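Input: a single structure, listed below in structure tokens.
The values are calculated or read from the model by the stated rules, or taken from the named source; none is laboratory data. Everything quoted here is computed from the prediction, not taken from an experiment. For neighbour counting, all protein chains shown are included, and Cβ atoms are generated from backbone atoms with ideal geometry for every residue, glycine included.
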Amino acid sequence: MKPNRMLVLVLPSLLLAGTVTSAHEKTKMGAGMDRAQMEKTLAGWPKASREAVEFMTKKYAPPAAMTSDMAVWGKTGPWKRTVVYRVEVPHAFPGPHTDVMQQWIDYKAPASKYDELAAYDGSVVLERTSGEMSARCDKEGANFLALNLADDIVKGKTTVEGARAKYGKQIMAMKAGKSAPYTEKLLFAAPGDTRDPDRPLPMMKGK
């Protein structure tokens, strides 16, 4: 089987389950991608996407799988999975940049907080059924920041406006090489089972 055919089979399970745990797993999963292949694929990608892939590869491991449009990692550090996209999504908050790297964690928030989180940052996504939260930005530090502030909102430690103001200050400090704790790691621990299967409608019970 050719590598590209194998990637088509590998990617769905990686995205849904986040099962790859080390650099060695990429061979076991059939990605079979060496540095030369990766660089060839990245040649036509925009700068932000290339830099995100290079960062992840240097810090954690080469991607577990890769196509012409995305690079995928499973479990790495605190992340359940990571996807770097070739296609950039323009984002003006807190300053103009493009979102290229999405990273997931297990997380559960009350449904009453979803509107606040959406108002805070449109690149933070909660998935109630799967019990996951993700952030999509251009750097890992910005994703740490986005999720740490989202957790502060959920726990009532700050308001939407307060979180947005702190986001800007932390990003500026990070870019200046100053202390910016919210950009360095996740400052909270996700609870055990975060999934929420909801409940069936009365008319659907027994169906």
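What are the residues in the range 115-142 that are over 13 Å from the mean Cα position of the chain (by Cα) and assigned to a helix (DSSP H, G or I), if any?
To start, the set of residues in the range 115-142 that are over 13 Å from the mean Cα position of the chain (by Cα) comprises 115-122, 128-131.
Passing the criteria: Asp115, Glu116, Leu117, Ala118, Ala119, Tyr120.
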Residue set Leu149, Leu145, Leu186; condition part of a loop (DSSP other than H, G, I, E, B) and either crowded, with 20+ Cβ neighbours inside 10 Å or modelled with pLDDT of 95 or more (or both); output residue Leu186
Scanning the range 49-74 for residues that are surrounded by fewer than 20 Cβ atoms within 10 Å (Cβ to Cβ) and assigned to a helix (DSSP H, G or I) gives Arg50, Glu51, Glu54, Phe55, Thr57, Lys58, Lys59
Taking the range 84-98 and keeping only residues that are farther than 15 Å from Leu147 by Cα and either crowded, with 21+ Cβ neighbours inside 10 Å or of a type in the set (Phe, Trp, Tyr) (or both), one is left with Val84, Tyr85
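Just for the range 102-126: of the residues that are of a type in the set (S, T, N, Q) and closer than 23 Å to Arg86 by Cα, which one is surrounded by the most Cβ atoms within 10 Å (Cβ to Cβ)?
Gln103
If you go through the range 152-165 one residue at a time, how many are β-branched (Val, Ile, Thr), within 25 Å of Gly192 (Cα to Cα) and part of a helix (DSSP H, G or I)?
Pass one, the range 152-165, residues β-branched (Val, Ile, Thr): 153-154, 158-160.
Subset that is within 25 Å of Gly192 (Cα to Cα): 153-154, 158.
Among the residues that remain, those that are also part of a helix (DSSP H, G or I) are: 153-154.
So the answer is 2.
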### Task
For the range 127-137, state whether one or more residues are surrounded by 14 or more Cβ atoms within 10 Å (Cβ to Cβ), within 26 Å of Phe55 (Cβ to Cβ) and free of Cβ contacts under 8 Å to residues at least 12 places away in the same chain.
yes
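Test of understanding: among Thr194, Thr159, which residue is polar (S, T, N, Q) and surrounded by fewer than 16 Cβ atoms within 10 Å (Cβ to Cβ)? Steps first, please.
On the way: Thr194 fails: surrounded by fewer than 16 Cβ atoms within 10 Å (Cβ to Cβ).
The conditions single out Thr159.
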